[in-house]
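Comments concern the structure below.
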């Protein structure tokens, strides 16, 4: 307290006598407004100092102990009939200001405590972890189902995956980008792609092109399986691996599933090839562009009829080799299709039928 | 006079249901054109357009119905003191516990996704969406049963131009 202060007098309105005289702290004043009529009033606080000087502070205020009654449920001028119910609301100064009982802090603390315990239980308990794992499994299963409708997601072959990664970098990354996210509006993203999720659709898109993409039909079934395995399991995709057999089955519609070529027939075919064909098409089947087309990696050889007819009848610079026996033609056709490529062998009966 | 009618929301809901139905039938038609097997895309462009408008109408309808539930059809001037009953308190407590549980579980799901195995975006979104929905219902209960209201009457021609 300021040592120069002697006392503080509190007056209401023009009263001569103070309602309270304060001589030491706390300077708390109690004013019962019910003793005052409703309306404007004035509080005067006079501080008397020890040297006799005074300082006065005035504070206007309003007392409103008896507010007008408020009628809720019937409007002024409203037309009513029958029995009408409405509430009359009047201020009540005797009503306690807040709820009695436990303090608000106790409520807040206990609520925070309970909610924190619930939160922690669901964040760290093994039960919650189990539920999260179940949810992940359920969503993964749904993804795999959507991903491989043609035959289910096979396990990912690491060798195929790595080979696919190399092929992707060499052939696809320039458009679809190394991270598989493509270029929006130009080259579609492979990450999360529905086409990639469907083995058949993805294979068709690679080999036949479409949607602005050129056809890449130079790949062998193994290379295609590698690329598919890679793009289906990188960039955040988890669509499962693709086997070479699956690709062959989808490519040839069963042709590649034909019995494997007889080794004797292939050896005989290699002999016939070296004697009759290698001089132009080269011993390794790489040909001599543009005169002699390559046989290795040539998609046209997928059609067995085309191969047999070309040997039998020739075309352009290629002479007819009709002088060869059915067995020899079947052998050399099998050699170029199964050894230089991944297509199935050719039988003597097929040659006989076309001769 | 202020009116908080449920007629607009009702018709919005009706349009919304009709548009969702149209989307479903469109999907069936597209699947039929592809020999019964749906194409790769989950939704066609047309379907996305229909769903967008259907959702717009649905949200409008929900907002409208919520407003009618919270404020009533017609505002009555005066001070409205809320009177929360036991049911409202119980619902608020239950929803608060569910909200805390969903929050904790969402964190667990995120950690599982980042450290153990991937969890689909749809599953993550479902848990987060549930959190948001419960939060919205909690706010609505608070507004309806715990927040006091005062409706004032203004002169008909006030300074506000609308």
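The values are calculated or read from the model by the stated rules, or taken from the named source; none is laboratory data. Please read these numbers as outputs of a predicted model, since none were measured by experiment. Note: ideal-geometry Cβ built from the backbone for every residue, glycine included; neighbour counts use all protein chains shown.
Residues are listed down the side, and each one gets a yes or a no for (1) in contact (Cβ under 8 Å) with a residue 40 or more places away in the chain; (2) part of a helix (DSSP H, G or I):
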| site | (1), (2) |
| --- | --- |
| A:297 | yes, no |
| A:301 | yes, yes |
| A:306 | no, yes |
| A:320 | no, no |
| A:323 | no, no |
| A:330 | yes, yes |
| A:333 | yes, yes |
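Would you check which residues across region B:54-94 are within 11 Å of another protein chain (Cβ to nearest Cβ), touching a residue at least 12 places away in the same chain (Cβ under 8 Å) and out of contact with any strand residue (DSSP E or B) (no Cβ under 8 Å at 6 or more places or on another chain) and list them?
B:74, B:81, B:92
Within region A:149-157, is even one residue at pLDDT 80 or above and within 24 Å of residue B:114 (Cβ to Cβ)?
The answer is yes; a qualifying residue exists.
Can you tell me how many residues within region B:119-129 are within 8 Å of chain A (Cβ to nearest Cβ) and either surrounded by fewer than 16 Cβ atoms within 10 Å (Cβ to Cβ) or more than 26 Å from residue A:236 (Cα to Cα) (or both)?
Result for region B:119-129: 1.
Kindly indicate the residue of region B:98-112 that is at the interface with chain A (Cβ under 7 Å from one of its Cβ atoms) and without any contact (Cβ under 8 Å) to a residue 24 or more places away in the chain and also surrounded by the most Cβ atoms within 10 Å (Cβ to Cβ) among those meeting that condition.
Ranking the qualifying residues of region B:98-112, first place goes to B:109.
For every residue, the table says whether it meets (1) surrounded by 14 or more Cβ atoms within 10 Å (Cβ to Cβ); (2) within 23 Å of residue A:342 (Cα to Cα); (3) touching a residue at least 24 places away in the same chain (Cβ under 8 Å); (4) not assigned by TED's automatic domain parsing to the domain that holds residue A:295.
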position	(1), (2), (3), (4)
A:165	yes, yes, yes, yes
A:185	no, no, no, yes
A:197	yes, no, yes, yes
A:204	yes, yes, no, yes
A:219	yes, yes, yes, yes
A:226	yes, yes, yes, yes
A:230	yes, yes, yes, yes
A:233	yes, no, yes, yes
A:238	yes, no, yes, yes
